Amino acid sequence: QWGDEGKGKVVDLLATEADYVCRCQGGNNTVVVDAKEYDFHLLPSGIINPKSISLIGNGVVIHLPGLFEECEKNEKKGLKGWEKRLIVSDRAHIVVDGLQETERQAQEGKNIGTTKKGIGPAYSSKASRTGLRVCDLLGDFKDFSTKFKNLVHQYQTMYPSLVVDEEGQLKKLTVMALIAHYRF
C-alpha cells in the first residue's frame with residue numbers, strides 16, 4: 001500500500017539496525033523523516049541513518065552531476081555526514097550522456113519510452129565492456145580520455161548524425177573527477 005515509495009520506506013526502516021546499506025541497481029526512492037522528504041535516485045535511502053555505511057555498488061550506473069546534485073539537495077534538507085559514510089564502487093559505470101537515446105528515438109521515428117538520461121546506453125556499454133567506470137575516471141585521465149573517445153566513436157557509428165563535443169565533455173569530466181576525488 002506504500003506505492004513507489006515503499007521500497008525506500010522499507011529500506012529506511014531496516015537501516016535503523018543495519019551497519020551497511022547498499023544500492024545494487026537503479027530506481028528512485030522517496031523517504032520522509034521528521035516531516036522532511038528526501039529524494040534518492042542514486043544514494044541508498046539508508047544513508048539517513050547516521051550509524052550505517054552506505055554503498056553504491058557496481059551494478060549501479062552513475063550520472064555524476066546527478067549524484068552531486070542529489071547530495072547537495074538532501075544536505076540542504078538536513079542530511080549530515082553523508083560524505084564520511086558513502087562508499088562508491090570504483091567498478092560502477094558512469095552515465096556519459098543521454099544524447100544517443102534521443103538520437104535513436106529520432107532515427108526509429110517513435111517514442112521508445114526511455115528517460116533520455118543515458119541509463120540504457122550505460123548498461124549496454126557495461127555489458128559490452130566498452131563502458132566507462134569510476135576507476136577509469138579516477139585513474140589515468142589520458143587513458144580515460146581515450147576510452148571516452150572510443151565510446152563516442154562507437155555511438156557515432158551507430159547514429160551518424162550524433163554530434164558530441166568531446167573536448168567540452170572531457171573538460172566537464174575532469175571537473176567531475178576532481179569532485180569525486182574530494183567527495184569519495
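Every number here is computed from the coordinates shown, using simple stated rules; none is lab data. Here the structure is a predicted model, which is why all the values come from computation and not from measurement. Counting neighbours? That spans all protein chains shown, and the Cβs are built from the backbone with ideal geometry, glycine included.
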Which links in LYS149/LYS171; LYS126/LYS149; LYS80/LYS171; LYS73/LYS126; LYS147/LYS171; LYS84/LYS126 stretch past 20 Å when you go from one Cα to the other? LYS80/LYS171; LYS73/LYS126; LYS84/LYS126
Across segment 74-79, in residue order, what do the Karplus-derived ³J(HN,Hα) couplings come to in whole Hz, using 6.51 cos²θ - 1.76 cosθ + 1.60 with θ = phi - 60° and x for Gly and Pro? 6, 5, 5, 8, x, 5
ILE94's amide H: which non-local residues (gap 5+, or another chain) put their own amide H closer than 5 Å, with H modeled 1.01 Å from N in plane and none for Pro or chain starts? ILE62, LEU132, ARG133, VAL134
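As a test, work out the antiparallel percent of DSSP beta bridges whose residues both lie in segment 3-88, rounded to the nearest 5. Don't jump to the answer; show the numbers that get you there.
Working: 5 of 12 bridges.
Percent antiparallel among DSSP bridges in segment 3-88 is about 40.
Please give the FRET efficiency for LYS171 paired with THR16, using the beta carbon to beta carbon distance and R0 = 45 Å, rounded to the nearest 0.05.
Details: r = 42 Å, r/R0 = 0.94.
So, using R0 = 45 Å, E works out to roughly 0.60.
Using the 10 angstrom Cβ neighbour count as an exposure proxy, how do ILE47, ILE53 rank, fewest first? Kindly include the intermediate steps, with their values, before the conclusion.
Values: ILE47 27, ILE53 17.
Least to most surrounded, the residues fall as ILE53, ILE47.
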Cα Rg, Dmax (largest Cα-Cα span) when computed across segment 3-88, Å: 11.5, 32
Which far-off residues, 5 or more places away or on another chain, put their amide H under 5 Å from the one on VAL88, with H placed in the peptide plane? ILE56
Can you work out the Karplus-derived ³J(HN,Hα) for every residue in segment 155-166? Use 6.51 cos²θ - 1.76 cosθ + 1.60 with θ = phi - 60°, whole Hz, and x for glycine or proline. 6, 5, 5, 6, 10, x, 8, 5, 10, 10, 7, 4
